[in-house]
Every structure is written in structure tokens, then in C-alpha cells.
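Enquirer: Here it is, the structure, as C-alpha cells.
The values are calculated or read from the model by the stated rules, or taken from the named source; none is laboratory data. As the structure is a prediction and not an experimental result, all values here were calculated from the model. Don't worry about glycine lacking a Cβ; one is built from the backbone with ideal geometry, like all the others, and counts go over all protein chains shown.
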Amino acid sequence: MFIELGHFALTLAFAVALVQTVIPLIGAHKGWTGWMAVAEPAAIAQFLLTAFSFAALTYAFVVSDFSLRLVVLNSHTLKPMLYKVSGVWGNHEGSMLLWVLILTLFGAMAAWFGGGLPPSLRARVLAVQASISAAFFAFILFTSNPFLRLEVPPFDGQDLNPLLQDPGLAFHPPFLYLGYVGLSICFSFAVAALIEGRVDAAWGRWVRPWTLAAWIFLTVGIALGSWWAYYELGWGGFWFWDPVENASFMPWLISAALLHSAIVVEKREALKSWTILLAIIAFGFSLIGAFITRSGVITSVHAFASDPERGVFLLVITALFMGGALTLYAARAGIMQAKGVFGLVSRESALLFNNILLAVAALVVFVGTIWPLVAEMFFDRKLSVGAPFFNMAFTPFMVVLGLLLPVGAVMPWKRARLGRGLRQMLPAAILAVALGALAWAMQTGRSALGPVGVMLGAWLVSGALADLWLRSGRGVLAERLRRMGRLPRADWGKAVAHSGLGVTMLGIAGLMAWQQEDIRVTQPGERFEIGDYGIVLEGVERVEGPNYISTMGTMSVWRADRQVATLYPEKRVYPVAGSTTTEAALDNGVFRDIYVVIGDPQQNGGWAVRSYVKPFANWIWAGAIIMALGGALSLSDRRVRVAAGARKSAPPVPAE
């Protein structure tokens, strides 16, 4: 009965979404306060109904209700409780229910915290958000119903995909969805502003915290997914330019551009047209990501489904919202004329250049992702676009972006002198070049990638610190430090986020340049060397887990004559799911990881073993955490969160 109530709540939420789409829009157009007021309770009711539906599905997984088809396909009585719960979103139908839950959550939050918005704009934002929810409710109910029953329930389920039975994957999808589904509210603000006929500094201030929140969640979600791929898949890498990885990375790049562009709208009322376009495209890439992961048109290890019917439905949703928004954007071009004038050398110009670099980088990723599909459809050729293309085409934009950020951050608004900005950053530049030269001197016979990465990372971190130091004004050291401590949290957040980007860049460059790899067949008791370390396969044993059987190796790691770690790599077989996974073993360190993987037994009694020494690996995810913390610090600044007082008195242009 509880399951049926969950299904009924989902259907009722769909009906509420339809009402919320129509009534507030009419009210805002006619100026009817009562009709506009429908939006807020409807948004909250929609979220509560969806949350109840999600809770009902979670209950079915927790109690192993095998009368529900979805539970049979994705759960098992022996599965640990964490993976029973994460199994709710570890499949297509459940993940789409999580998608609409987050859609309605952001709509409800806009209702709760949108008191500073003009009533007509608030009504239109909530109506547009409800229209997106309605489209996805229809998608779930008509093509992906998670509440389908079985006439004859089996005694047990078929288990969850073993690759998803991992703590990293338990938390990765919710954070990722909070990010790229959260961009829907930025899209709703953009479309509502176009309908309203006004894009001004107040709009820039309202949209900025929503963009920042979505970007923070995306950063954490992408980092969790990268971390999972690093240690779980056993490939030894942190990023594979997989289509589904790219599907989350493209919105991250565009949302970063949107965040910086919204600042220009708020401070200078410039780049309005560009900012609106970025808000539309950011959510558009999220919709494209949903299509990629669920249509089956592009092969990926992460894909949820391969159903053409669902793919067509998602394609229609994408075309409807993107086509409608871009048509409205073209029709309303006249209302987005910039008021703030700025020089070629200014903070506005630096932020615009930042935007162009991020947007072009996202375009490169997009072209590389869909090109195999285009080649097959139009040229009847099967192609694959791999890491070499992405590394070569994408990296230069990130290098230029890293070089630009510290200088752009210290430039004044409207008009600046480039020479002055460069002089202010001279100590940071000297430190960065010195560290890069040191890295070059310490390595022998290798590429320039490592030293360049060290220099770029040091430049971003020291540049961020220099920016804070310059903002502290003049005076003695103690006084300047006190003033630095009293700087707004948004300034500190920017510096921390830029520093995090530098740490990540350093980690990526160091890992790619200085990684050491060894692949061999080794006998128990035999020692082999990799870099400064010796590794001994002490033995291999069979271990039974809750729902798997493991072949576990015991490997000791030595540096000279001192043992530094004991590692236990595994190869797991999941009998119910009928699949095998590789569980890498890691000895984590600040400056390096020791990474070992055990393979299959060999005819001579030995075992296939892959070993790596990975310098600076953890700096990649540490930098992502620092970036997210910087974003959270900025979001905690009341000036960012509160838009009250930014409202303009000019009446909106009447809709045609």
C-alpha cells in the first residue's frame, strides 16, 4: 500500500507542476496577485509529494520488497545496507526520480528564499521551473515508472551493478545531480527575466548564489566520480574523457563562466546578453548529459540505459526547452543592452576573456564527445575520440586561463593599466618561475609538463595570496594582517577557489609527467622494484565477502630496507550479478601514492601484477575540495546570498 501511495504522490506532483506552470504565468502577465501567489505553495507541495514518492521507493529497497520490478533488478538480500539505499539511484528509473526530486527541491528553495524578488519575477521563475519538472514527471510516468509491480515476485533480486557497490558511487550521483540539475534554477531565472523584459544588476545578484551553489555541488560530484574511477576501476587513471564524464564536465565549465559573468552584470550592468546565454547553455548541457547517459547513442561504462524510446523523449525535452529559450532570447535581444562601458584593459575585459576560454574549452569537449556519433550518422564511419585529442585540444585553454586569473583578479573595474597589474603580481611570478625551474632541475630527461604544472599551480596560489595582500591596503604588517582577516568572505572565497584550481593543476601535471608504471608476472615471495620502492607479493588467498568472493593478494611495500606499507589488492566475483571487479590497493601519501592491482593467475604459478608510483595524485582531489570550500565561503557571505535592496525602481518592459 505504501508503494502505491508513492506512485500516487508522483502522479499528483505531476498535476501540481502543470498547475504551477500555467496559473502563475497568467497571473504575472495580467498582474493578478492571487494567481501569482499560487506559485509558492505549489512549489512546496510539489517538492513534498516528490520527496514522499522517493521515500516510498527507498523503503522498498531497504526492506527488499521484491514485488517491485526495480528492486528485483537492482538489489539483493545479502547486499550491505549502504548499497541497498544507493541502489535507489543506481539505475535509470531511480536516478530519474532523484533528478525530479532535486528539480522540485530547487523550486521549493526559490519559493522559501525568494522573498526579495519582485512578485511577478518570482512567479515566472517558479512557473518555468515547474514546466521543467512537469516534462520530467511525464518522462518518468510514461517511459520510466519506478513503481511497476511483478505478478509473481521472486525470492531474491539480481543485485546492483558491482561497480556501483562502492562508497564513492553511493555519494557521487546525489552531489552531481545537485549540481547540474541545480543549474535548472539559473535557466528559470534567465527565461523569467526574458519574459519579464528586464535584465539588470538586481537580476545578476539574484542569479549569482544559485549558480555558485550548483557549481559547488558539481565540483564535489565530479571529484567524487574521479576519485572512484581512480581506485575502483583499476585502470590507474583519474580521468578518461568518457562521454558521461564529459557530460558533467561541460556544465561545470559553463557554470564557472556564468558565475564570473554574473559578477559583471551585478557590478557593472555589462555582458547581460552573454550572461543570459550562458545560463541557458549551462542547463542545456545538463539536458544533453541526461540524453547521453540514457539514450544508448554513445557507449560508456557509466551509462544507465540504452533505450531509443527514452532517448527520443529526452531529445524532445531538450529541443523544447533549449529551442524555446533561444527563440525567446533572440526575440528579446533589445532589452539586454549593456549600460556599463569598460576599456580593453579592465577587470570586465579579463572576466570576458575568462568566459571565452571556458566556453571554447567546453565546446572542444562537446565536439570530441559527439563526433563519433556525427561520423557514424553522416559519414558511415566508426570513430573513437580518446584522451590524446582532448589533452592536446583542451589543455592550452586551461594553461592560458591559469596565467590570466591572478592578473585579472587585481585589475580595477572599468579601466586599468596592465603594467601596474603585472608589477603588483611580480613577487608571485618570481616565486612561480623559481619553483618551476627547481622542478625542471630535479627531473632528468623528461618533458616540460611537470615543471610547467608546478609553475602554473604556484602562480595561481601565490597570485591569490597576493590579491588578498593587496586588498589589505598599506601600513605595518600587523595592521595589514588584521585588515586581511576582516576582508569580506566573498574575497576570501575567491582566493581559496583560485588556489584550489592551482593545486589541482599541479596535481594533474605532476601525475601525468612523473608517474611510474610496472606490469609483470610475479611469484609469491618475489621482490621487484619500481622507482624508489620494492614490492613483494607475500601471498594470495580466497576471501568471502557479504555478496562476493574475493581473490586477495597481500603485498608488502619497501623503501630500501624499511617496510612502509602492506597492501591488499583484490579481484572480486559477484555470483548473483555474474560479474567481476578489480579492487586496487593504495598506500596514500601527501606527495605520492603506491597503487597495486592483482590480475589473473598464470600457468607457471605466478600472478599478473600492475604497480604504479603516482606523484601528487591526491593533490587533484584536494584541489577540488579547496575549490568547493572557496565556493562555500563565498556563498556564506551575506552580500552574495541576499539580493534585497538591489531591486531597481524602473518598470519592466511590457511583454509583447
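Enquirer: Can you find a residue in segment 520-536 that is without any contact (Cβ under 8 Å) to a residue 24 or more places away in the chain, closer than 22 Å to GLU583 by Cβ, outside the structural domain of TYR83 (by TED's automatic domain parsing) and crowded, with 16+ Cβ neighbours inside 10 Å?
Expert: yes
Enquirer: For the subset of segment 170-180 comprising residues that are of a type outside the set (Phe, Trp, Tyr) and over 10 Å from the mean Cα position of the chain (by Cα), which member is nearest to ALA110 (Cα to Cα)? Reasoning before the result, please.
Expert: We begin by selecting, within segment 170-180, every residue of a type outside the set (Phe, Trp, Tyr); these are 170, 172-174, 176, 178-179.
This time we only want the ones that are over 10 Å from the mean Cα position of the chain (by Cα), so: 170, 174.
Working: ALA170: 27, PRO174: 19 Å.
Taking the candidates together, the pick is PRO174.
Enquirer: Which members of segment 422-450 meet the condition of being in contact (Cβ under 8 Å) with a residue 60 or more places away in the chain and in contact with a Gly (Cβ under 8 Å, 6 or more places away or on another chain)?
Expert: Matches in segment 422-450: GLN443, GLY450.
Enquirer: If we keep just the residues of segment 40-93 that are without any contact (Cβ under 8 Å) to a residue 40 or more places away in the chain and β-branched (Val, Ile, Thr), which is surrounded by the most Cβ atoms within 10 Å (Cβ to Cβ)?
Expert: Applying the filter and picking the extreme gives VAL88.
Enquirer: Which residue out of LYS84, LYS79 is among the basic types (Lys, Arg) and either touching an Asp or Glu at 6+ places or on another chain (Cβ under 6 Å) or part of a helix (DSSP H, G or I) (or both)?
Expert: Working: LYS79 fails: either touching an Asp or Glu at 6+ places or on another chain (Cβ under 6 Å) or part of a helix (DSSP H, G or I) (or both).
Just one listed residue meets the conditions, LYS84.
Enquirer: Continuing with the same structure: What helices (runs of 4 or more DSSP H) lie completely within segment 403-502 and have 3 or more residues being touching an Asp or Glu at 6+ places or on another chain (Cβ under 9 Å) and within 20 Å of GLY630 (Cβ to Cβ)? Talk me through it step by step, then tell me what you get.
Expert: Details: elements: 418-424, 426-442, 449-471, 477-485.
Where helices (runs of 4 or more DSSP H) fall fully within segment 403-502 and carry at least 3 residues being touching an Asp or Glu at 6+ places or on another chain (Cβ under 9 Å) and within 20 Å of GLY630 (Cβ to Cβ), they are 449-471.
Enquirer: For residues that are buried (at least 20 other Cβ atoms within 10 Å of the Cβ) and outside any loop (DSSP other than H, G, I, E, B), tally how many sit in segment 584-599. Quick ask: steps written out before the conclusion?
Expert: Pass one, segment 584-599, residues buried (at least 20 other Cβ atoms within 10 Å of the Cβ): 584-585, 592-598.
Checking the rest, the ones that are also outside any loop (DSSP other than H, G, I, E, B) come to 585, 592-598.
So the count comes out to 8.
This table checks each residue for (1) among the aromatic types (Phe, Trp, Tyr); (2) under 23 Å from LEU326 (Cβ atoms); (3) modelled with pLDDT under 90.
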| residue | (1), (2), (3) |
| --- | --- |
| LEU121 | no, yes, no |
| ALA127 | no, yes, no |
| ILE132 | no, yes, no |
| LEU141 | no, no, no |
| LEU148 | no, no, no |
| PHE189 | yes, yes, no |
| VAL199 | no, yes, yes |
| THR211 | no, yes, no |
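Enquirer: Please find, within segment 1-23, the residue that is surrounded by the fewest Cβ atoms within 10 Å (Cβ to Cβ) out of those that are under 30 Å from the mean Cα position of the chain (by Cα) and of a type in the set (Gly, Ala, Ser).
Expert: ALA9
Enquirer: State whether the residues of segment 276-283 include one that is closer than 30 Å to GLU232 by Cβ and either at pLDDT 75 or above or in a loop (DSSP other than H, G, I, E, B) (or both). Please lay out each step first, then the result.
Expert: Here is the first cut: in segment 276-283, the residues closer than 30 Å to GLU232 by Cβ are 282-283.
Narrowing further to those that are either at pLDDT 75 or above or in a loop (DSSP other than H, G, I, E, B) (or both): 282-283.
Scanning segment 276-283 turns up at least one residue that is closer than 30 Å to GLU232 by Cβ and either at pLDDT 75 or above or in a loop (DSSP other than H, G, I, E, B) (or both).
Enquirer: Please find, within segment 129-162, the residue that is nearest to the chain's Cα centre (by Cα) out of those that are of a type outside the set (Gly, Ala, Ser), surrounded by 20 or more Cβ atoms within 10 Å (Cβ to Cβ) and assigned to a loop (DSSP other than H, G, I, E, B).
Expert: Across segment 129-162, the extreme among qualifying residues is LEU160.
Enquirer: Related question: Only one of these is modelled with pLDDT of 90 or more, closer than 30 Å to GLU196 by Cβ and out of contact with any Leu (no Cβ under 7 Å at 6 or more places or on another chain): LEU48, LEU117. Name it.
Expert: Working: LEU117 fails: modelled with pLDDT of 90 or more.
Matching residue, one of LEU48, LEU117: LEU48.
Enquirer: So how many residues does segment 24-35 have that are surrounded by 22 or more Cβ atoms within 10 Å (Cβ to Cβ) and either of a type outside the set (A, V, I, L, M, F, W, C) or closer than 22 Å to ALA56 by Cβ (or both)?
Expert: Restricting attention to segment 24-35, the residues satisfying the condition of being surrounded by 22 or more Cβ atoms within 10 Å (Cβ to Cβ) are 24-25, 27-28.
Add one more test, that the residue is either of a type outside the set (A, V, I, L, M, F, W, C) or closer than 22 Å to ALA56 by Cβ (or both), and what stays is 24, 27.
Count: 2.
Enquirer: Then there is this: Regarding ALA375, is this residue without any contact (Cβ under 8 Å) to a residue 12 or more places away in the chain and surrounded by 15 or more Cβ atoms within 10 Å (Cβ to Cβ)? Steps first, please.
Expert: Values: without any contact (Cβ under 8 Å) to a residue 12 or more places away in the chain: yes; surrounded by 15 or more Cβ atoms within 10 Å (Cβ to Cβ): yes.
Yes: the conditions hold for ALA375.
Enquirer: From the set of residues in segment 548-583 that are hydrophobic (A, V, I, L, M, F, W, C) and not in a strand (DSSP E or B), which is nearest to LYS614 (Cα to Cα)?
Expert: First pass over segment 548-583, keeping only residues hydrophobic (A, V, I, L, M, F, W, C): 549, 552, 555, 557-558, 560, 564-565, 567, 573, 576-577.
Next, from what is left, pick out any that are not in a strand (DSSP E or B): 560, 576-577.
On the way: ALA560: 18, VAL576: 35, ALA577: 32 Å.
The residue in question is ALA560.
Enquirer: While we're on this one: Test ARG381 against the criterion of being in contact (Cβ under 8 Å) with a residue 12 or more places away in the chain, over 24 Å from LEU449 (Cβ atoms) and charged (D, E, K, R), and give yes or no.
Expert: Details: in contact (Cβ under 8 Å) with a residue 12 or more places away in the chain: no; over 24 Å from LEU449 (Cβ atoms): yes; charged (D, E, K, R): yes.
For ARG381, the condition - in contact (Cβ under 8 Å) with a residue 12 or more places away in the chain, over 24 Å from LEU449 (Cβ atoms) and charged (D, E, K, R) - is not met.
Enquirer: Need the failing condition index for TYR568 against (1) among the hydroxyl-bearing types (Ser, Thr, Tyr); (2) touching a residue at least 24 places away in the same chain (Cβ under 8 Å); (3) out of contact with any Phe, Trp or Tyr (no Cβ under 9 Å at 6 or more places or on another chain), just the number.
Expert: (2)
Enquirer: Consider segment 87-105. How many of its residues are of a type in the set (S, T, N, Q) and in a helix (DSSP H, G or I)?
Expert: Residues meeting the conditions: 2.
Enquirer: Is it true that some residue in segment 538-547 is in contact with a helix residue (DSSP H, G or I) (Cβ under 8 Å, 6 or more places away or on another chain), buried (at least 19 other Cβ atoms within 10 Å of the Cβ) and part of a loop (DSSP other than H, G, I, E, B)?
Expert: So in segment 538-547, the residues in contact with a helix residue (DSSP H, G or I) (Cβ under 8 Å, 6 or more places away or on another chain) come out as none.
No, because not a single residue in segment 538-547 is in contact with a helix residue (DSSP H, G or I) (Cβ under 8 Å, 6 or more places away or on another chain), buried (at least 19 other Cβ atoms within 10 Å of the Cβ) and part of a loop (DSSP other than H, G, I, E, B).
Enquirer: Restricting attention to segment 188-202, and to residues there that are of a type outside the set (A, V, I, L, M) and surrounded by 24 or more Cβ atoms within 10 Å (Cβ to Cβ), which single residue is farthest from THR275 (Cα to Cα)?
Expert: Step one: filter segment 188-202 for residues of a type outside the set (A, V, I, L, M), giving 188-189, 196-198, 200.
Narrowing further to those that are surrounded by 24 or more Cβ atoms within 10 Å (Cβ to Cβ): 188-189.
Working: SER188: 13, PHE189: 11 Å.
Residue satisfying both the conditions and the ranking: SER188.
Enquirer: For segment 437-445, does any single residue satisfy the condition of being under 14 Å from LEU501 (Cα atoms) and surrounded by fewer than 22 Cβ atoms within 10 Å (Cβ to Cβ)?
Expert: Initial filter on segment 437-445 (under 14 Å from LEU501 (Cα atoms)): none.
No: zero hits.
Enquirer: Something else about it: Among the listed residues ILE508, ILE519, which satisfies the condition of being assigned to a strand (DSSP E or B) and either in contact with a Cys (Cβ under 7 Å, 6 or more places away or on another chain) or under 27 Å from ALA448 (Cα atoms) (or both)? Break it down stepwise before answering.
Expert: On the way: ILE508 fails: assigned to a strand (DSSP E or B).
One residue alone meets the criteria, ILE519.
Enquirer: Does ILE288 satisfy the condition of being farther than 24 Å from PRO167 by Cβ and β-branched (Val, Ile, Thr)? Walk me through how you get there before you give the answer.
Expert: Values: farther than 24 Å from PRO167 by Cβ: yes; β-branched (Val, Ile, Thr): yes.
So ILE288 passes the test.
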